[in-house]
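Novice: My questions will all concern the structure given below.
The values are calculated or read from the model by the stated rules, or taken from the named source; none is laboratory data. For clarity, every value in this text was computed on a predicted model and none was experimentally measured. Because the Cβ atoms are built from the backbone with ideal geometry, glycine has one as well, and the counts that use them run over all protein chains shown.
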Amino acid sequence: VIGGIAARLGTPAYLVGGCVRDLLQNRPAPDLDLAIEGDVRALAESPPLQQPHAQCQLHPRFGTATLRYPDGFRLDFARCRIEHYPAPATLPEVRPGDIHSDLARRDFTINAMAVDLNPTTFGELLDPHGGRADLRQGLLRVLHAGSFLDDPTRILRGLRFAVRFQFRLEKGTRALLREALAQDILARLSGARLWRELQYLLELSDLPIALERLGAWRLWPLLRPEPADMESLLVRIRRGHQEIDWFRRHCPDETLFDAAVWLTILWRDIPWTEAEKRLHYWPVAGGHRILRDLRLLPDMPGALTRADRPSAAGRLWERLSLPGLLALCAEYPETDIMVESGHQHLRRQRWLSSPLNGKELQALGLTPGPRLGEVLERLRNARLDGEIKDKETARQWLIG
Ligand code: CTP
């Protein structure tokens, strides 16, 4: 359909990038990327594509458009373009081009193929860089020698593809990676671009493999000053996944920032200043809470062990953020008493309030002020410790 409309409009259309790679590997392609030699708007807004409730978003400045269908399916249109990098690690200058120049600007050969949608040549594969052969051999190969220097995010993108598809770097590309790292090219990336790629990496379900590759590619310094002790880290990551799953099952309405759990686990045994240095540079949501947790965590196990009442343990757990609490639980076996205490706090105790509220206490003769706050706190603690259960026992407890 799209090819037919594009031909009538005189704007040749091609399927490109990740979806071609995924289709050739018989993997489902969740969204389709289309490269257009011509007017993106005319095609994206053409009536046959505008089914009821389809939402069209145009970005004329970038020559792109997105069509979202009610079932979640998405079509991304982009004008074919030529890219020029004025300096290493900067954003490129772009101008309109044809499909060949559009393929030539891409990261890896496996992502630089297109399928022609023109009715007369429909289905033809355009593969000027040998992507199909690399796909068969499981190789990641850049298109030219300056690729990693132009756009260092490709290093982390490559790592991600290596993990997802279990591919390896082609020999020449491996040498280019080493050269780029020797020039410390990743240090030239903005914190925002670097963090976005790292976050994708941390959220891979194969995180242990991703971290092993990170080590093999000598990229540990991005995350830590020293490589991690993989044996103990892998145990904590497995437990971290269990903790995150547990949380999603028991608290389905709450949001959790998984990357914060992983950073806390990864940074638990490094100097605090090393974590701070990275968070100063990366725009991590809630980064200050990760730093606060890292300060609190060393003393938590001892303090929790000494806590003689549920209310005392509750006060300690409350000092940690949610990711910090789950990261601490991930340091213990699933059946450990520490994990039980953390889960108990999350499921029940943190929601328990004083059985009598401020108004009810005033009705009993207390005047508003700090003293009333203290009484509310003591009532809540007594409830956490099972000494009072309802309003009536709370009143008796107060009188007593
Ligand atoms: N691309 C690139 N260099 C980048 C980012 C993207 O060359 N730094 C190109 C690649 O051709 C890539 C396409 O843009 O295939 C789309 O990028 P993106 O959606 O980020 O990745 P996909 O390859 O589609 O992979 P995913 O399945 O992760 O979405």
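Novice: Within region 149-185, restricting attention to residues that are touching a residue at least 40 places away in the same chain (Cβ under 8 Å) and among the small types (Gly, Ala, Ser), which residue is nearest to GLY138 (Cα to Cα)?
Specialist: Among those residues, the one meeting the criterion is ALA162.
Novice: Answer with yes or no whether ARG21 is outside any loop (DSSP other than H, G, I, E, B), surrounded by 13 or more Cβ atoms within 10 Å (Cβ to Cβ) and basic (Lys, Arg).
Specialist: Values: outside any loop (DSSP other than H, G, I, E, B): yes; surrounded by 13 or more Cβ atoms within 10 Å (Cβ to Cβ): yes; basic (Lys, Arg): yes.
Yes; evaluated as a whole, the condition is true for this residue.
Novice: Taking region 175-229 on its own, how many of its residues are part of a loop (DSSP other than H, G, I, E, B) and closer than 19 Å to SER147 by Cβ? Explain how you work it out, then say what you get.
Specialist: In the first step, residues of region 175-229 are kept if they are part of a loop (DSSP other than H, G, I, E, B); the result is 183-184, 189-190, 203-206, 217-219, 224-229.
Add one more test, that the residue is closer than 19 Å to SER147 by Cβ, and what stays is 183-184, 189-190, 217-219.
Counting residues in region 175-229 that are part of a loop (DSSP other than H, G, I, E, B) and closer than 19 Å to SER147 by Cβ gives 7.
Novice: Any idea which of GLY123, GLY146, GLY131 is within 15 Å of the ligand (Cβ to nearest atom) and exposed (fewer than 14 other Cβ atoms within 10 Å of the Cβ)? Can you show your working first?
Specialist: Working: GLY123 fails: within 15 Å of the ligand (Cβ to nearest atom); GLY131 fails: exposed (fewer than 14 other Cβ atoms within 10 Å of the Cβ).
The match here is GLY146.
Novice: Take the residues in region 1-44 that are within 11 Å of the ligand (Cβ to nearest atom) and among the charged types (D, E, K, R), then tell me which one is farthest from ASP71 (Cα to Cα).
Specialist: ARG21
Novice: Oh, and also: Identify the single condition in (1) under 19 Å from ALA192 (Cβ atoms); (2) touching a residue at least 60 places away in the same chain (Cβ under 8 Å); (3) in contact with a Gly (Cβ under 7 Å, 6 or more places away or on another chain); (4) aliphatic (A, V, I, L, M) that LEU279 does not satisfy, given that it satisfies every other one.
Specialist: Answer for LEU279: the failing condition is (2).
Novice: Oh, and also: Can you tell me which residue in region 77-110 is farthest from the ligand (Cβ to nearest atom), limited to those that are acidic (Asp, Glu) and in a loop (DSSP other than H, G, I, E, B)? Write out each step before concluding.
Specialist: Initially, region 77-110 is screened for residues acidic (Asp, Glu), giving 83, 93, 98, 102, 107.
Subsequent filtering for residues that are in a loop (DSSP other than H, G, I, E, B) retains 98, 107.
Working: ASP98: 16, ASP107: 4 Å.
The extreme case among them is ASP98.
Novice: The conditions are (1) surrounded by 14 or more Cβ atoms within 10 Å (Cβ to Cβ); (2) assigned to a loop (DSSP other than H, G, I, E, B); (3) free of Cβ contacts under 8 Å to residues at least 60 places away in the same chain, and GLU331 fails exactly one of them. Which is it?
Specialist: Unmet condition: (3).
Novice: From the list ARG61, ARG41, ARG27, pick out the single residue that is at pLDDT below 90 and either assigned to a loop (DSSP other than H, G, I, E, B) or more than 24 Å from the chain's Cα centre (by Cα) (or both). Before the answer, list the steps.
Specialist: On the way: ARG41 fails: at pLDDT below 90; ARG27 fails: at pLDDT below 90.
Result of the check over ARG61, ARG41, ARG27: ARG61.
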